[in-house]
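What follows is one structure encoded as structure tokens, with my remarks underneath.
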Amino acid sequence: MSAMKNVDVDIEAATAWVEAGVTVKDLDDVTCPRGLAAVNGSCTDVGVIGFMLGGGFGFLSRTQGLAVDNCLQVEVVTPAGQWIVASPHEHLELYWALRGAGQVGYGVVTRVQVKLHKLQQEYVGGERFIMFK
């Protein structure tokens, strides 16, 4: 999955589709210059999908919720080999199971759609600190 590094940002909708190999740094590098950021953790080498489906408490969690709260849709290949999109509108049970069980045994998550938040300022020192509107 490490080669799956694509991030598709929709600036108008403030969302991004994130592939399975994308790290926190990869996502920040694409979204922050556009004035947007996702709820991410402090370790930039962590994979976004694993962090998110495991709950994901980050710098923005106090105001924006956990990373998993910002997961809008999940693309998954089921154990039966079906490719499906789970969301609040379709395959709801799978959507909630993936978000609550950390993707154990439900299939392989290949992409997620995440909610992004407007960036006001970015401070970079030893760690990344992001302020939002």
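Of the strands (runs of 3 or more DSSP E) that lie entirely inside segment 1-110, those containing 2 or more residues that are buried (at least 17 other Cβ atoms within 10 Å of the Cβ) and in contact (Cβ under 8 Å) with a residue 60 or more places away in the chain span 15-19.
Checked against the criterion of being modelled with pLDDT of 85 or more, touching a strand residue (DSSP E or B) at 6+ places or on another chain (Cβ under 8 Å) and more than 25 Å from Ser2 (Cβ to Cβ), segment 29-48 contains one or more residues that satisfy it. Scanning segment 51-73 for residues that are closer than 25 Å to Leu92 by Cβ and either among the β-branched types (Val, Ile, Thr) or at pLDDT 90 or above (or both) yields Val68, Asp69, Asn70, Cys71, Leu72, Gln73.
The values are calculated or read from the model by the stated rules, or taken from the named source; none is laboratory data. Source: prediction; values computed, not measured. Neighbour counts are summed over all protein chains in view; Cβ atoms, including those assigned to glycine, are modelled from backbone coordinates with ideal geometry.
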